[in-house]
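Read the figures in this text as sums done on the coordinates, not as results from a lab. Since we're looking at a predicted model, the values are computed, not measured. Reconstructed Cβ throughout: ideal geometry from the backbone, glycine too, with neighbour counts over all protein chains shown.
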Amino acid sequence: MTYDSATLEQLAKDADDIVSRYPVPRSALLPMLHLVQSVDGYVSPDGIAFCAKRLDLTSAEVSAVATFYTQYKRRPNGEYQVGVCTNTLCAVMGGDEIWRRVSERAGVGHDETTADGKITLERLECNAACDYAPVMMVNWEFFDNMTPESALQLVDDILDGKDVHPTRGADTVADFKSVSRVLAGFEDGRADEGGLAGEPTLAGLKVAKERGWTGESK
Amino acid sequence: MMANPHALIEGVAITSFAIRSNHSFIYLRGEVVHVYRRLLQAVREAYEAGHLGKNIHGSGFDLDVTVHAGAGAYICGEETALLDSLEGRRGQPRLKPPFPAVAGLYARPTVVNNVETVASVPSIIGNGVDWFTAMGTERSKGMGLFSLSGHVTKPGQYEAPLGITLRELLDMAGGIREGHELKFWTPGGSSTPIFTQDQLDTPLDYESVGAEGSMLGTRALQLFDDTTCVVRAVTRWTEFYKHESCGKCTPCREGTYWLTQILKRIEGGTGTQADIQQLLDTCDSIAGRSFCALGDGATSSIVSAVAKFHEEFEQHVALGACPFDHAASALFEYGAEEAVEEPVADAAAEPEAAVADEAAEEGEGHTPDDYDGTAAISALNEFARVNDPKTEKDA
Ligand SMILES: Cc1cc2nc3c(=O)[nH]c(=O)nc-3n(C[C@H](O)[C@H](O)[C@H](O)COP(=O)(O)O)c2cc1C
Ligand code: SF4
């Protein structure tokens, strides 16, 4: 491993915290892989060696797990993971066209990173936000009801180094490494940012209130 | 989980108390970071308020709750794949029996439930059983969230008693988008056979939806209007299942791959009449022969779409192209440049090296472009035949 001693010390401390959440140490592997991504920006050979040593596994066992899950990256990832949903519902509602325009603007295809390391582009599988279609995600924050124009603006802003603002999520999108640290289970104090729920989430509630329905009366 | 995570945590506490479990896990997909932030915070708050931890409110009952983020694998929603994933392994389903209730997480008795189920527990405890069972139908009791998406005026979440119909739901959601008619829809997500206008008045409860040949499933109602190409929709769903197949069993791993190849061919206009039958035969080799329900689910939309829209599949073959204007389905005007030919043109637009790279990664590099898969598909059908319990009995 090539981590310097300060990094290694912090990693060891964080790994202890993660392992303590589970009755059996091996359960800590998924969050620990998120943790090494928060340091290296991908699941690096060092990261694999670190997880293997801490959990008393072989590096082959750790790699086998890491390669199963799409969120674990095998190459240094861009600062922003930009996903366009092209699953049936979003694709039909306009996701295919958004993908085409975004990919053209960024100059990269699926699972490729721009030369400046800003954006890794991805054709997303369904993110269960169909009622907000067409949907994009940046570092796993929701950008709802997208159009080609709003999508291109988003890409331009990221390439220009500006902050971008999810529709439902934190006030600004944190970078890939910071978000990976949250996914390892470490709070970043941003849970209260952003609204409670979007309009479609509350659509049924609104109708019920307008029509004076309650659970009991139906 | 985003707006009111405490409802879920309260449900977790009550259900854990009921089954005398001292450690519960909330497994959340990793691709929704803000939801995860709020769950982490809510669990911490619940500990601080004494609702979780040791000797909760002096009851002598201890409960720890761990919120666990996945890492991008749909199959980890399947209960036994989830358990393997939670144990730090590849998320692949386990053989059942033993069922999780007998030997689950760490080989200990485990109950796995959907978060909506668990989050509904506090309201049932609070309002009583009679309140809950007064809603719904004779055999499908209670309420649930019906999620309406697609070509509907006001997409969103509509909580309603089981047994409500799509016509009633559409009344709340402002109907199908203006100027169009409903063409087809999924009652329970993409793994359930599709419905058409004929099922507008079908009560959405387990029995009635089953009697109409589909499943209530997740209550994810995806609605598509008359502009939508059913072949395009089905092809894209199948690509999803191909991507998410965990690879453990042959019918699903190989079958979803070949289904995608055939469907792309038909959608792109290079398919043959025989391909349509080949689709059904391949589905037959997967459904009922897969290790878990993902494989079965992958065939649902195909078989039902071919049954209900056979002429549309034939049209693609006869025309040698898709008869639909994809731009007409979108919520906005397409750009000036000519419309996309998904997904073939897409891959072609990428630099040569990237295409090769992707193919190599997915392990598809061995298949020449012009190979139509006949041999592989018959091998798959043969495999299914040999491994079919029915065949064995006959022999
Ligand atoms: C491929 C596949 C994916 C699944 N994904 C989920 C999921 O994301 N969430 C979920 O609650 N159940 C999912 N399930 C169903 C679970 O296996 C299980 O039946 C369910 O969680 C039981 O909860 P319930 O009885 O409260 O509905 C999935 C099943 C399969 C076969
Ligand atoms: S049916 Fe598909 S997802 Fe399920 S075990 Fe087989 S390969 Fe895996």
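Here are some notes:
- The number of residues in the stretch B:240-253 being more than 14 Å from ligand 1 (Cβ to nearest atom) and either crowded, with 23+ Cβ neighbours inside 10 Å or outside any helix (DSSP H, G or I) (or both) comes to 1.
- Qualifying residue in the stretch B:217-234 (condition: away from ligand 1 (no atom under 16 Å from the Cβ), in contact with an Asp or Glu (Cβ under 7 Å, 6 or more places away or on another chain) and of a type in the set (Ser, Thr, Tyr)): no
- When the test is whether a residue is within 12 Å of chain B (Cβ to nearest Cβ), crowded, with 24+ Cβ neighbours inside 10 Å and over 21 Å from the mean Cα position of the chain (by Cα), A:Val92 passes it.
- Selection count, the stretch A:18-49, where residues are more than 9 Å from chain B (Cβ to nearest Cβ), assigned to a helix (DSSP H, G or I) and in contact with a Cys (Cβ under 9 Å, 6 or more places away or on another chain): 2
- Filtered residues of the stretch B:96-113 (kept if within 14 Å of ligand 1 (Cβ to nearest atom), in contact with a helix residue (DSSP H, G or I) (Cβ under 9 Å, 6 or more places away or on another chain) and free of Cβ contacts under 8 Å to residues at least 12 places away in the same chain): B:Phe99
- Within the stretch A:66-77, considering residues that are within 13 Å of A:Gly47 (Cα to Cα) and crowded, with 19+ Cβ neighbours inside 10 Å, the one nearest to the other protein chains (Cβ to nearest Cβ): A:Tyr72
- Which listed residue, of B:Gly136, B:Gly104, B:Gly128, is of a type outside the set (D, E, K, R) and in contact with a strand residue (DSSP E or B) (Cβ under 8 Å, 6 or more places away or on another chain): B:Gly136
- In the stretch B:55-96, of all residues being away from ligand 2 (no atom under 16 Å from the Cβ) and farther than 27 Å from A:His34 by Cα, the one that is nearest to the other protein chains (Cβ to nearest Cβ) corresponds to B:Asp62.
- Filtered by the rule that a residue be within 14 Å of another protein chain (Cβ to nearest Cβ), touching a Cys at 6+ places or on another chain (Cβ under 9 Å) and more than 15 Å from ligand 1 (Cβ to nearest atom), the stretch B:269-313 gives a lone residue, B:Ile302.
- Note on the stretch B:13-42: residues that are in a helix (DSSP H, G or I) and more than 25 Å from the chain's Cα centre (by Cα) total 10.
- Of all residues in the stretch B:9-23, exactly one satisfies the criterion of being surrounded by fewer than 22 Cβ atoms within 10 Å (Cβ to Cβ) and under 29 Å from A:Thr70 (Cα atoms), namely B:His23.
- Tally, over the stretch B:74-102, of residues that are surrounded by 16 or more Cβ atoms within 10 Å (Cβ to Cβ) and hydrophobic (A, V, I, L, M, F, W, C): 6
- Looking only at the stretch A:129-170, and only at residues there that are of a type in the set (Ser, Thr, Tyr) and outside any helix (DSSP H, G or I), the one that is nearest to A:Val92 (Cα to Cα): A:Thr147
- In the set A:Val138, A:Val179, A:Val155, A:Val164, only one residue is under 14 Å from the mean Cα position of the chain (by Cα), among the β-branched types (Val, Ile, Thr) and more than 7 Å from chain B (Cβ to nearest Cβ); that residue is A:Val138.
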